[in-house]
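See below for the structure under consideration.
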Amino acid sequence: QVQLVESGGGLVQAGGSLRLSCAASGPSFSSYAMGWFRQAPGKEREFVARISLSGRATSYSDSVKGRFTITRDNAKNTMYLQMNSLKPEDTAVYYCGADGRFDRIVRGMIDYWGQGTQVTVSS
């Protein structure tokens, strides 16, 4: 079983940057595709970005494409989300997730979830 812990959230002004981390414990981190999701107050959880087992393949939601970058370091069992040019509408709790299949991530079909980290962007 994989346990995921997010960190790096906080309060930032619009136009600023944050880097989120998702640290994994348990066996075979490199056996899982990973993804970032977010949930704003009163809204459903939505897909943000995903990354393949090796890290060579990535994809993003239209709302963050060109501003966010997802990466992973399998040697450190950690995934990252670099968020630049942040907007107030990026305010949400951000979750990381792990699944054995890359194609399942975008549909939110996740085997393991982290507990979330709050990101607040002020205008």
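Residue separation times 0.36 nm, minus the C-alpha to C-alpha distance between residue 43 and residue 30: what's the value?
Values: separation 13, 0.36 × 13 = 4.68 nm, distance 3.12 nm.
Result: 1.6 nm gained on full extension.
Relative to 2.2 N^0.38 Å, what does the C-alpha radius of gyration of the chain come to as a ratio? Two decimals please.
On the way: Rg = 13.3 Å, N = 123, 2.2 N^0.38 = 13.7 Å.
Relative to the 2.2 N^0.38 Å estimate, the chain comes out at 0.97.
Hey, if you put +1 on the Cβ of every Lys and Arg and -1 on every Asp and Glu Cβ in the chain, which of 36, 110, 52 ends up farthest toward the positive end of that dipole?
52
Taking 41 Å as R0, compute the FRET efficiency from the Cβ-Cβ separation of residue 3 and residue 84 and round it to 0.05.
Once the sixth-power term is evaluated, E becomes 0.90.
If you roll a 1.4 angstrom probe over the protein chains with everything in place, what fraction of the accessible area of segment 1-95 belongs to carbon and sulfur, to the nearest %?
46 percent
Need one number: % antiparallel among DSSP beta bridges in segment 4-123, to the nearest 5.
90 percent
Between residue 61 and residue 115, 0.36 nm times their residue separation minus their Cα-Cα distance comes to what? Before the final figure, lay out the partial values.
Numbers: separation 54, 0.36 × 54 = 19.44 nm, distance 2.13 nm.
So the extension gain works out to 17.3 nm.
How many Å² of accessible area per residue for segment 14-109, probe 1.4 Å?
47 Å²
From a point 7 Å beyond the Cα of residue 23 in the direction of its Cβ, which residues of segment 73-100 have a backbone N at a distance under 13 Å?
Counting only backbone N, you get 76-79.
The values are calculated or read from the model by the stated rules, or taken from the named source; none is laboratory data. Note that this is a predicted model, so its numbers are computed, not measured. Using ideal geometry, Cβ is built from the backbone for each residue, glycine included, and neighbour counts are taken over all protein chains shown. Remember, those area values only see protein heavy atoms, side chains included, never the ligands or the DNA or RNA. Shrake-Rupley method; radii C 1.70, N 1.55, O 1.52, S 1.80 Å.
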